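> Shown below is the structure under consideration.
Where a number appears in this text, it was derived from the coordinates with a stated rule and is not lab data. Every value quoted in this text rests on a predicted model; they were computed, and no experiment measured them. Please note: Cβ atoms are built from the backbone with ideal geometry, for glycine as well, and neighbour counts cover all protein chains shown.
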Amino acid sequence: MDERVYFTYIVASRSHTLYIGMTGDLLKRVFEHKRKIHEGFSATYNCNRLVWFERFTGPGSAIAREKQLKGWIRAKKIALIEKTNPAWSDLSDGWYAIDPTVRG
C-alpha cells in the first residue's frame, strides 16, 4: 500500500514575512512559491524561502497543524522556526536541478 505524505510548512521572505501552508507535494509547492506561479500573499510579499516544515501521514493532521499555526501569535511562530533553523536558512537550497512541476 502506497502511503501518502503531507506537509505543513512555513515560507518566509528575506524580511521574515511568513506564509503558512499545507501540501501533499512539498517539492512542487515550494517551487511554485519560488516562481510565483500562484498570485496571492506569498507572491506579493516574496515568501519563497522554506524555513520550516513538518511531515504527516494524513491530510487531516496536516490541515489541523496548519490551522493551529495560523492561530499562533507571530512570536510563537518565530520561536518554532528558530528552534530548528536559527539562521532562517532556505531548507530547499539544492532541491531543484529540474522543474518539479513537469512530471515525466
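> Tell me what the chain gives for mean residue ellipticity at 222 nm when only DSSP H runs of n ≥ 4 count, each as -39,500 (n - 2.57), the sum divided by the residue total, rounded to 500 deg cm²/dmol.
Working: 4 runs with 38 residues, N = 104.
That calculation yields -10500 deg cm²/dmol at 222 nm.
> Please arrange I73, I81, I20, I10 by how many other C-beta atoms lie within 10 Å of their C-beta, fewest to most. Write out the running numbers ahead of the final one.
Details: I73 8, I81 16, I20 19, I10 23.
Exposure proxy ranking, most exposed first: I73, I81, I20, I10.
> Counting other Cβ atoms within 10 Å, keep those with at most 14, restrict to DSSP loop, and tell me which trypsin sites (Lys or Arg not before Pro) in segment 10-50 are left.
R14, K36
> Give, to the nearest whole percent, the P(r) tail of segment 1-99 beyond 16 angstrom, counting all Cα pairs. Mind showing how you got there, number by number?
Working: 2694 of 4851 pairs.
The proportion of pairs with Cα distances above 16 Å equals 56 percent.
> What's the local net charge at I10, with K and R +1, D and E -1, over the other residues with C-beta under 13 Å away?
+4
> Still on this structure, please answer the following. Loop only by DSSP, 11 or fewer other Cβ within 10 Å of the Cβ. Give me the GluC sites (Glu not before Pro) in segment 33-104 that pass, ordered by residue number. Each step should come with its number before you reach the end.
Details: sites: E39, E54, E66, E82; in loops: E39.
Within segment 33-104, the qualifying GluC sites (Glu not before Pro) (loop, at most 11 other Cβ atoms within 10 Å) are E39.
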